[in-house]
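K.L.:
Please find one structure pasted underneath; my questions will follow.
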Amino acid sequence: MERVYNVADVRGMFPSLQNKVQGKPLIYLDNTATSQTPRTVVEDIVSDYYERKANVHRGVHTLSQEATARQEETRRRVRDYINADSVEEIIFTRGTTEGINLVASSYGQRFHEGDEVILTVMEHHANIVPWQLLQSRVGIKLRVVDINDKGELDLEQYESYFNDRTVMASFTHVSNVLGTINPVRDMIATAHRHGVPVLVDGAQASPHLRIDVRYLDCDFYVFSSHKMYGPTGIGILYGKKALLESMPPYQGGGEMIGHVSFEHTTFADLPYKFEAGTPDFVGIAAFSKALDFIESVGLGNIEAHEEELLRYTTEKMRASIPGLRIYGEARHKSAVISFLVDDIHPYDIGMLLDGLGIAVRTGHHCAQPLMERLGIPGTVRASFAAYNTVEEADAFVSGLKRVVEMLR
Ligand code: PMP
């Protein structure tokens, strides 16, 4: 059973939330970009550097063995967290971006000129540019699925794009701009009916939704620790074992080899084949503390709390800000509100809100093709996490009202 949600207790676990910005208490609403970090994660990192730093997989000495054990414990935790079959399917990367690049570079080696990869117009640049690099190298074609007025994908168009040249579909689970939660399980089933593997960009889903890779039946799933209350510079690539086994290494170096000679080098088994060089083992170990945090509070509780903040803030904004336009009104939506007010420039709103201690994002949010599709240069974006409160939502809306009145 999930525990009762006490947001004050949750906030108490995050020292950075006590900070002031511009002399005002921080109201942090840029969680889509990165989340704040609980004390337990920070302390784990500090202890590693103060007390026990040693490289993983390298030595018989105690500290090295302990470091290896901590890293592999996180791998097991991640396997359980996303319900993967085995630890061999969990590859540590630098983040979502590297995970997608890894798949595009390595799996993409089997693509030929004229092969087609299906993307959507709501993708983050991280799920566009790696495929474009393949486009210029190999001559693959990109097919881009459009959205409707609410910011939901055109699923008929999606299905119509599959043909005998389709080699991959790669799309986001949750849009970092529109908040749309895509029906990825159905989309994956569609792709599989056509014999096409799927990569899901889970950067914006993993902090908020229960991810079950076996239920989704995705072939690849990528996400980043820093958006999940964990350290920066750590990401996860989940891949089905048979696919990962069939793929060539992404980078070469230490850790990823079986035996090296100048005549012939063999590669390590999964997952190490894809983990060349010394990883951020300190961060990886500390990531398990972030998973502890999420599990101690309960992901279902976090999701319900954020949903309530989304509903409350959206209604309040609509009621009190004339000229407001919200981008993204999907039926299934995550706690992200992208908006503009009249023709006021988003940067002006963001700057003045910052003066009130309110951190929101402004700009194209690394989704320029989506901005082009919407016919706007950018938006202001407020996004919520486990520790945000109704009082912060109130302060944000009244701050926004003031700012808009000043700018009009
Ligand atoms: N995809 C989506 C949907 C994102 O929101 C982000 C981060 N904004 C990324 C990919 C890239 O994540 P990272 O920078 O952690 O690699």
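The values are calculated or read from the model by the stated rules, or taken from the named source; none is laboratory data. Just so we're clear, the structure is a prediction, and the values are computed from it rather than from any experiment. For neighbour counting, all protein chains shown are included, and Cβ atoms are generated from backbone atoms with ideal geometry for every residue, glycine included. Heavy atoms of the whole protein, side chains included, go into the accessibility calculation; ligands, DNA and RNA do not. Shrake-Rupley method; radii C 1.70, N 1.55, O 1.52, S 1.80 Å.
K.L.:
Only one residue in LEU324, LEU352, LEU374, LEU340 is out of contact with any His (no Cβ under 9 Å at 6 or more places or on another chain), assigned by TED's automatic domain parsing to the domain that holds PRO25 and within 30 Å of MET13 (Cα to Cα). Which one? It would help to see each step written out before you state the result.
P.N.:
Numbers: LEU324 fails: within 30 Å of MET13 (Cα to Cα); LEU374 fails: within 30 Å of MET13 (Cα to Cα); LEU340 fails: within 30 Å of MET13 (Cα to Cα).
Residue meeting the stated conditions: LEU352.
K.L.:
Same structure again: Specify which of the listed residues (TYR250, TYR221, TYR229) is over 17 Å from the mean Cα position of the chain (by Cα) and within 16 Å of the ligand (Cβ to nearest atom). Break it down into steps so the answer makes sense when it comes.
P.N.:
Numbers: TYR221 fails: over 17 Å from the mean Cα position of the chain (by Cα); TYR229 fails: over 17 Å from the mean Cα position of the chain (by Cα).
The match here is TYR250.
K.L.:
If you go through region 171-205, how many residues are in a loop (DSSP other than H, G, I, E, B), more than 10 Å from the ligand (Cβ to nearest atom) and either under 15 Å from the mean Cα position of the chain (by Cα) or among the polar types (S, T, N, Q) (or both)?
P.N.:
Residues of region 171-205 that are in a loop (DSSP other than H, G, I, E, B), as a first pass: 173, 175-179, 182-183, 194-197, 202-205.
Within this subset, residues satisfying the condition of being more than 10 Å from the ligand (Cβ to nearest atom) are 178-179, 182-183, 194-197.
Those still in the list that are either under 15 Å from the mean Cα position of the chain (by Cα) or among the polar types (S, T, N, Q) (or both) too: 178-179, 182.
Result for region 171-205: 3.
K.L.:
Let me ask something additional. What's the number of the only condition in (1) buried (at least 20 other Cβ atoms within 10 Å of the Cβ); (2) in contact with a helix residue (DSSP H, G or I) (Cβ under 9 Å, 6 or more places away or on another chain); (3) aliphatic (A, V, I, L, M) that ILE181 fails to meet?
P.N.:
Just one mismatch for ILE181, condition (2).
K.L.:
Suppose we filter GLY108, GLY114 for residues that are over 17 Å from ASP219 (Cβ atoms) and open to solvent by less than 30 Å² (accessible area, probe 1.4 Å); which single one remains? Working first, answer last.
P.N.:
Details: GLY108 fails: over 17 Å from ASP219 (Cβ atoms).
On inspection, the qualifying residue turns out to be GLY114.
K.L.:
Here is a follow-up. Anything in region 308-333 that is small (Gly, Ala, Ser) and under 23 Å from GLN204 (Cβ atoms)? List them, or say none. Can you show your working first?
P.N.:
If we filter region 308-333 for residues that are small (Gly, Ala, Ser), which is where we start, we get 319-320, 323, 328, 330.
Answer for region 308-333, where residues must be small (Gly, Ala, Ser) and under 23 Å from GLN204 (Cβ atoms): GLY328, ALA330.
K.L.:
What residue, among those in region 330-369 that are under 16 Å from VAL397 (Cβ atoms) and in contact with a Pro (Cβ under 7 Å, 6 or more places away or on another chain), is surrounded by the fewest Cβ atoms within 10 Å (Cβ to Cβ)?
P.N.:
Among them, the one singled out is GLY357.
K.L.:
Sort out which residues of region 318-329 are open to solvent by less than 60 Å² (accessible area, probe 1.4 Å) and either at negative phi or in a helix (DSSP H, G or I) (or both), and write them in order of number. Working first, answer last.
P.N.:
Here is the first cut: in region 318-329, the ones open to solvent by less than 60 Å² (accessible area, probe 1.4 Å) are 320-321, 323-324, 326-328.
Passing the criteria: SER320, ILE321, LEU324, ILE326, TYR327.
K.L.:
Oh, and also: State yes or no: is ALA84 in a loop (DSSP other than H, G, I, E, B), within 22 Å of ASP212 (Cβ to Cβ) and aliphatic (A, V, I, L, M)? Please lay out each step first, then the result.
P.N.:
On the way: in a loop (DSSP other than H, G, I, E, B): yes; within 22 Å of ASP212 (Cβ to Cβ): yes; aliphatic (A, V, I, L, M): yes.
Yes; evaluated as a whole, the condition is true for this residue.
K.L.:
Sticking with this one: Please report, ordered by residue number, the strands (runs of 3 or more DSSP E) entirely within region 333-387 with at least 1 residues that are aromatic (Phe, Trp, Tyr) and under 24 Å from LEU209 (Cβ atoms).
P.N.:
Numbers: elements: 336-341, 361-363, 379-383.
Once the strands (runs of 3 or more DSSP E) in region 333-387 are filtered for at least 1 residues that are aromatic (Phe, Trp, Tyr) and under 24 Å from LEU209 (Cβ atoms), what remains is 336-341.
Each row is one residue, and each column tells you yes or no for (1) closer than 30 Å to GLY399 by Cα; (2) of a type outside the set (A, V, I, L, M).
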| site | (1), (2) |
| --- | --- |
| LEU17 | yes, no |
| GLN22 | yes, yes |
| SER35 | yes, yes |
| THR62 | no, yes |
| ARG79 | no, yes |
| GLY95 | no, yes |
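K.L.:
When you go through GLU303, GLU315, GLU372 one by one, which is the residue that is under 27 Å from THR120 (Cα atoms), surrounded by fewer than 15 Cβ atoms within 10 Å (Cβ to Cβ) and of a type in the set (D, E, K, R)? Talk me through it step by step, then tell me what you get.
P.N.:
Working: GLU303 fails: surrounded by fewer than 15 Cβ atoms within 10 Å (Cβ to Cβ); GLU315 fails: under 27 Å from THR120 (Cα atoms).
Checking each option against the conditions leaves just GLU372.
K.L.:
Sticking with this structure for a sec: Could you grab me the full set of residues in region 36-77 that are among the charged types (D, E, K, R) and either assigned to a loop (DSSP other than H, G, I, E, B) or open to solvent by less than 40 Å² (accessible area, probe 1.4 Å) (or both)? Can you show your working first?
P.N.:
Taking region 36-77 and keeping what is among the charged types (D, E, K, R), we get 39, 43-44, 48, 51-53, 58, 66, 70, 72-73, 75-77.
Selection gives ASP44, ASP48, LYS53, ARG58, GLU72, ARG75.
K.L.:
Considering only region 372-395, state which residues are within 14 Å of the ligand (Cβ to nearest atom) and not polar (S, T, N, Q).
P.N.:
Within region 372-395, ARG381, ALA385 qualify.
K.L.:
Taking region 125-170, which residues are open to solvent by less than 50 Å² (accessible area, probe 1.4 Å), without any contact (Cβ under 8 Å) to a residue 60 or more places away in the chain and part of a strand (DSSP E or B)?
P.N.:
Those that are open to solvent by less than 50 Å² (accessible area, probe 1.4 Å), without any contact (Cβ under 8 Å) to a residue 60 or more places away in the chain and part of a strand (DSSP E or B): LEU142, VAL145, LEU153, THR166, VAL167, ALA169.
K.L.:
So for region 89-104 (the condition being more than 27 Å from TYR161 (Cβ to Cβ), more than 16 Å from the ligand (Cβ to nearest atom) and assigned to a helix (DSSP H, G or I)), does at least one residue qualify?
P.N.:
Yes: region 89-104 contains one or more residues that are more than 27 Å from TYR161 (Cβ to Cβ), more than 16 Å from the ligand (Cβ to nearest atom) and assigned to a helix (DSSP H, G or I).
K.L.:
Select from region 215-238 the residues that are of a type in the set (Asp, Glu) and surrounded by fewer than 24 Cβ atoms within 10 Å (Cβ to Cβ) and list them in ascending order. Can you show your working first?
P.N.:
Here is the first cut: in region 215-238, the ones of a type in the set (Asp, Glu) are 217, 219.
Of everything in region 215-238, just one residue is of a type in the set (Asp, Glu) and surrounded by fewer than 24 Cβ atoms within 10 Å (Cβ to Cβ), namely ASP217.
K.L.:
Does region 9-35 hold any residues that are part of a helix (DSSP H, G or I) and touching a residue at least 60 places away in the same chain (Cβ under 8 Å), and which are they?
P.N.:
As a first pass, look at region 9-35 and keep what is part of a helix (DSSP H, G or I): 9-12, 15-18.
VAL10, ARG11, LEU17, listed by residue number.
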